[in-house]
Structure formats: C-alpha cells, structure tokens
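Take a look at the structure set out below.
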Amino acid sequence: MLVIDAIGSTARSRRRTVAVNRAVAGPAVSDLVCRTIARATRGRWTPGDASAVTVVVDPALPAQGYRLSVRPDGISIIGGDQAGAFYGACTLAQLVELHGLTVPCVEIEDHPDLLVRGVMLDISRDKVPTMATLRELIDMLASWKVNQFQLYTEHTFAYRAHAEVWASASPMTAAEIVELDAYCRERFIELVPNQNSFGHLERWFMHDRYRPLAETPGGVTLPWGEITKHPFTLAPSPEGLEFLDGLYRELLPNFTSSRFNVGCDETYDLGLGRSRERVAAVGRPRVWLDFVRDIHALAARHGRSIQVWGDTVRRHPELFADVPRDITILDWGYDRERSLDATAARLARVGQPFYVCPGTSSWTSLVGRTDNAIANVLDAVEAAHRHGAKGVLVTDWGDGGHWQHLPISYVGFAWTAALAWSLDANRGLDLPRALDQFAFRTPGLGQIVWDLGNTYLRPGFRRGNSSILYWFYTATLAEMRRTWVPFIKYGTEAFLDDASVQRGMHETIEWIDATLAPLSRIDNELVCRELAHGGAMARHAARRVLGADGLHAELDALVDELVALWPIRNRAGGLRGSVAKLNASRAFI
C-alpha cells in the first residue's frame, strides 16, 4: 500500500501523462498494467498507442519488489519478478487515483517486509458471498498487494456425495472455485484451500449419517458456556481419515496452491468419547498431535503441505519437538491484551514455520472494534518481524449470525496489508483517509467506519473478543450479572453498578448518533445503508438495557433491513439462520 502522506515529499515540479506500451515485457504483464490503471480511473482511461510506460522484469531486484520511475520523458516499472511488476503497477494506479492522469514525477523502489500477506474470510457462519462480491474484494486486496486468500470452510463446499450437509447453505461449487482460483492467480494472489478437518464439524454431525464419525454422541459444553446441540469434533480414527480422504479428493484438485489449511482448532470434546481411553493413556495433546500427523500424511498423498491453527500447540509447547517441520502453524489471537510474541518466539526457536494471525475484530461486535484491531494487528506484525514468521494471515469471522457488514472489516484488511508490506513506513498511515481513497472511493466513509468501530468502548465494560453490545442480543443484563462476571474484562465495578450502566448506554447512543450524522451527506448508497444498519443494531442493543419503548418494532425494522441488504453481497443460503438468531433475541427484550 502506498503511504499517502509520503507523496508530499516527492518532487512535483514536472508531471507526466499516463499511457501504456503494451508491447514491452510481453502482453501478460502489460495487460495487467492496463487493467490496473483502468480500474483506478473507473474506466476514464483506456490504453492508447503511445509508449509512455515500459514494464520489464529484472531478477536482480528483491522478490515481489519493483522500481517505479515517473519522469518527464516517460514512466517505467521494473519488477523483481512478474508479481513485483504488478505491484509497481498498483502503486502507479494509486498515484493516478490521487492525482488524476497527470501524475507527479517520482522515483519509488520498494519491496515487501513479509512475502506472505493473507486474508481469510469466514464463509461457514451463514454468509457465503456471491462471486461478484468475491471478485470485487479480491480486486481491492490485490491493489493493496495482498497475495494470499482463504475461504474458511466447514460445510460450504458442494461435495457431490454430501448434499444434505450443504443443501441450504448456497455453497461454493467446484466450478466456482476453479474460476476464483484463476481470478486470484491473474492478480498474484494464491487461493489456499481451507477445510476444517478435526473440530468445528457440528454442521456435519447434525445429520445422522455422519454422527458415528464424531468423538461424542451428543452436544458438548464449550469453554464460554454455550452448549452445542450436536457433536463438535471428528473422532481420531481410521474411519475419520477415510472420510477426510474423500473430501480432499474432491476439494483439492480445484486449487492450484500446494498449501492446504486443515484447521484442527478448538477440539473441545476430544477425549470425552471414542478417544477417552487413548487420552487417559497418553494425554489429550498427544492424541491431537497424532491425528494431525495422520492428516499431514494424508494431505501429502494429495500433494499438499498443511497449515494448522496453533491453539493446541500454544497451550502445550511440549508438542513442539514432534510437530513435522513442514507444517505451518497459524498462531492466532484476537484481543490486544494477548500478544502473539511469546508463541512466535517459541516457534522460531524450534525452527517451525508459522504465520501470525490477528483478526479484523469485526465478528460479535455489530460494528467492529477499531482500537482493538489496530493494536492486535500491529502486535502480530511486530512479532512476525522479530521472530521470522513466514507471513501474516488476518482472519475475518462470522460468529453468531454474521451480522456485521463487510465494510466493517476493511479497517483490519487495509491495516494488515499496509503493515505486512512495510511496517516502519506505514505505522503512521492515515487509515481513514486511505480507506476513503482506495476502498470506498468516497470522502468521509473511512472516518465513519473508524469511529463506528470504537462504539464498543462506550459502555464502559466489555467481554473479550467481542463488543458487549452484541451480547445484549443473547442475554439480559440480569442474566449477565449472574453468570458473566468472570468474562467481563474491564470495568467490572461498572458492570455491577446501575448508574454506570445507564450512563454507558446513553453515551453509546450519543456516540452512534454523532458518528452516523454525516451519512446523509455522503453519496454511496450501499455502504451508507450498511453502516446505518450496523449503527442501528448497536443502538438497539443499548436501548434494550435502558428498557426503552418500541423495542419489538425496532427489531422488526432491523430484521427487514438485514433481509433487504443480505442478497446485495451474499447468497441466499444462511439468511434464514441469521434472521432466526436475530428473532430469537426477542426473548431478551
């Protein structure tokens, strides 16, 4: 990502009008330059015959690096490889977006700090984006020099032999994955397959056909108190491996990536059922690792190296010595108070390849958690630098109905892209301004998204990895006081004091109203509607606590707008479940 404020220090005494010579460095790279600049100018520019831009590849430059020169006599992009040439074109396109077709004379030599800069989007919690939404998102991420993309999948791939699992989910099909893979490759993004393969398989086990594969026969109590209706974790067994082999044989050929995220996180009920005796004999961590090693060998037979979420390894560092060294550990953590540094240091000491995985802080928040996201991502990228991470993968989840709208996540996407490309250069990035220019293409929206994302601070107390406002859709304040005090991280005394709670809810409503006031003057109908709906969700949560009048009518309006907005970016599958969760919240009014 270009550092906007740094442009002011570049010589501007002479300017150059942009055109592209298609013939230099082959048609593929030159066509990328043309398309990139055309997108930046919203179609106002189309390539002509003038030879004002030359594009070449010079392997002497760093991998993914480039040298961009804008001089009175012409413009040149020299890439260390074809990806570097594309990133040079992205920077040129940003200059065009900022200055129009007559750009300032500059000399920029640049290359990334981290060679892998990824985004993971959850498509298993109700929202499965349309192909149009995915293409638009990929174009935006590519322009920010993101180069890995994952779609987190539990049950939302259309496996031919398992239609009952995805029948109501509007899943990704094999043909769509092939199309998306090619679309990503053209933009130097690696589309990495992602299929959770151990925990988080409740959507499979709600069907009788798959329940014999589960660790437990019924539901399980999760650490945060939720009780699942169905089993959660695949039993580590030969039958389980055979099941996974069938999934992999159908899923993996649609991807050109040699990597594969197999998940294996949060296996909460492991050892409570079929593997009870084995866990009693050797311990739960060892049983987990043994099955991960089986999955590792299975994936290798399919020509893939695996990525595994790092929560079990983080809690049990005694496993480090026995984890195969070609497994990439994805060490995640989403609250600013829990640094990723310590685990990164341990992984580095044993030579285990790893990514740091912060979050966008969008989920279970309604409108985001800006300050948390900024601190969480900064900590992760700093840890990646200190300890030699292979890359960074920012995650965007959809827990609890996936009620947050996609633009809420742009703060985390853009901040991660900027820091992962150049930590030192982008620490001071004016992110709201960058979002205005390079995401929304609308002045003012970046600041509104930023400020709306700090609504979570207004109540004065909060629960980790979420906004407390979200939880008012799942419980009353009285219920929270009885059962949640251990979960409340800050301001527990305010949580117990009526006057403080009332004051916090009024401050929350005032903050939301002031933040959203400029929307009426902004010309971007869809994003304005999405932000207004998110703000209304958060305002309604605060009004529940205050015992305001008309709450059922308000909830009706919120449901209606969710239903109206959903199909603009997402497929129909999942809407019913998301709306059902929202309607169920009537029990807590």
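The values are calculated or read from the model by the stated rules, or taken from the named source; none is laboratory data. Just so it is clear, the model here is predicted, and its values are computed rather than measured. Virtual Cβ from ideal backbone geometry, glycine too; neighbours counted across all protein chains shown.
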Exercise. Of all residues in the range 365-378, which are surrounded by fewer than 24 Cβ atoms within 10 Å (Cβ to Cβ) and not small (Gly, Ala, Ser)?
Worked result: Asp371, Ile374, Leu378
Exercise. More than 25 Å from Arg349 (Cα to Cα), under 12 Å from the mean Cα position of the chain (by Cα) and either modelled with pLDDT of 95 or more or assigned to a strand (DSSP E or B) (or both) - does that describe any residue in the range 370-383?
Worked result: yes
For this session: Please specify each residue of the range 90-144 satisfying the condition of being over 25 Å from the mean Cα position of the chain (by Cα) and not in a strand (DSSP E or B).
Result: Leu92, Leu95, Val96, Glu97, Leu98, His99, Gly100, Leu101, Cys105
Problem set entry | Test: residue in the range 265-287 that is among the basic types (Lys, Arg), within 26 Å of the chain's Cα centre (by Cα) and surrounded by fewer than 17 Cβ atoms within 10 Å (Cβ to Cβ) | no
Problem set entry | Breaking point among (1) assigned to a helix (DSSP H, G or I); (2) modelled with pLDDT of 95 or more; (3) buried (at least 19 other Cβ atoms within 10 Å of the Cβ), for Tyr473 | (1)
Exercise. Between a first residue in the range 372-390 that is of a type in the set (A, V, I, L, M, F, W, C) and a second residue that is surrounded by fewer than 24 Cβ atoms within 10 Å (Cβ to Cβ) and assigned to a helix (DSSP H, G or I), which pairs have beta carbons less than 6 Å apart while being 6 or more apart in sequence or on different chains?
Worked result: Val381/Leu423; Ala383/Asp341
For this session: Please verify whether the range 358-372 includes one or more residues that are aliphatic (A, V, I, L, M) and closer than 30 Å to Ala542 by Cα.
Result: yes
Exercise. Within the set of pairs 6 or more residues apart or between chains, which connect a residue that is not assigned by TED's automatic domain parsing to the domain that holds Ser170 inside the range 562-582 to a residue that is among the basic types (Lys, Arg) with Cβ atoms less than 7 Å apart?
Worked result: Leu565/Arg529; Asn570/Lys127; Gly574/Lys127
Exercise. Just one of the numbered conditions (1) more than 22 Å from Arg386 (Cβ to Cβ); (2) not in a helix (DSSP H, G or I) is not true of Glu337; which one?
Worked result: (1)
For this session: Kindly indicate which of Val96, Val106, Val53, Val70 is farther than 22 Å from Val146 by Cα and in contact (Cβ under 8 Å) with a residue 60 or more places away in the chain.
Result: Val106
Exercise. Which is among the aromatic types (Phe, Trp, Tyr), surrounded by fewer than 21 Cβ atoms within 10 Å (Cβ to Cβ) and more than 20 Å from the chain's Cα centre (by Cα), of Trp204, Trp224?
Worked result: Trp224
Exercise. Are any residues in the range 384-406 within 30 Å of Leu575 (Cβ to Cβ) and either assigned to a helix (DSSP H, G or I) or aliphatic (A, V, I, L, M) (or both), and if so, which ones?
Worked result: Leu393, Val394, Asp399, Gly400, Gly401, Leu406
Exercise. Quick check: is even one residue across the range 259-280 without any contact (Cβ under 8 Å) to a residue 24 or more places away in the chain, among the small types (Gly, Ala, Ser) and out of contact with any helix residue (DSSP H, G or I) (no Cβ under 9 Å at 6 or more places or on another chain)?
Worked result: yes
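Here's the yes/no breakdown for (1) touching an Asp or Glu at 6+ places or on another chain (Cβ under 7 Å); (2) of a type in the set (D, E, K, R); (3) more than 28 Å from Gly219 (Cα to Cα):
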site: Ser257; (1), (2), (3): yes, no, yes
site: Gly273; (1), (2), (3): yes, no, no
site: Val282; (1), (2), (3): no, no, no
site: Asp290; (1), (2), (3): no, yes, no
site: Arg301; (1), (2), (3): no, yes, yes
Exercise. Taking the range 407-430, which residues are in a helix (DSSP H, G or I), among the hydrophobic types (A, V, I, L, M, F, W, C) and surrounded by fewer than 22 Cβ atoms within 10 Å (Cβ to Cβ)?
Worked result: Leu423, Ala425
For this session: Report yes if some residue within the range 345-356 is out of contact with any Asp or Glu (no Cβ under 9 Å at 6 or more places or on another chain) and closer than 17 Å to Val119 by Cα; otherwise report no.
Result: no
Exercise. What number of residues within the range 139-181 satisfy the criterion of being β-branched (Val, Ile, Thr) and touching a Lys or Arg at 6+ places or on another chain (Cβ under 6 Å)?
Worked result: 1
For this session: Look at Ile522 and say whether it is under 22 Å from Glu561 (Cα atoms), crowded, with 20+ Cβ neighbours inside 10 Å and not assigned by TED's automatic domain parsing to the domain that holds Arg336.
Result: no
